[in-house]
1. Can you pull out the residues in the range 58-89 that are basic (Lys, Arg) and either closer than 30 Å to residue 38 by Cα or at pLDDT 80 or above (or both)?
2. In the range 1-57, which residues are open to solvent by less than 100 Å² (accessible area, probe 1.4 Å), over 30 Å from residue 71 (Cβ atoms), among the hydrophobic types (A, V, I, L, M, F, W, C) and at pLDDT below 90?
Amino acid sequence: MPPEKPSSVKLNDSESARQARALLDQAVAALGGQPYLTFTNRAESGRYYPLHHGHTESTGIPYNYYLEYPDKDRFEVIHTKDIFSSRGR
């Protein structure tokens with residue numbers, strides 16, 4: 001008796017694959033859709049709170065963070081009119 005040939009299974013045609021794709025599409029839509037998938041740069045501003053043993057004695061230090069995909073980033077900590085820049089990778 002010849003060995004049986006494995007049946008051809010198309011994983012992308014299964015019900016679970018359709019449900020997974022719908023869930024992924026929903027997640028991308030919640031993050032912003034196509035602009036989320038294709039953005040190339042980002043800027044962020046905020047306050048940095050240095051901690052010592054889980055507590056801070058600071059009102060926070062302003063910072064700026066710039067990111068340009070795929071490989072450029074810059075983190076600036078602004079302290080009393082001086083800018084201290086820390087280079088990323």
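The values are calculated or read from the model by the stated rules, or taken from the named source; none is laboratory data. Keep in mind the model is a prediction, meaning the values are calculated, not measured. Note that we place each Cβ from the backbone using ideal geometry, even for glycine, and neighbour counts take in every protein chain shown. The protein model used for the area step is the full one, side chains on, heavy atoms only, and it has no ligands, DNA or RNA in it. Shrake-Rupley method; radii C 1.70, N 1.55, O 1.52, S 1.80 Å.
1. 72, 74, 87, 89
2. Within the range 1-57, just 17 meets the criteria.
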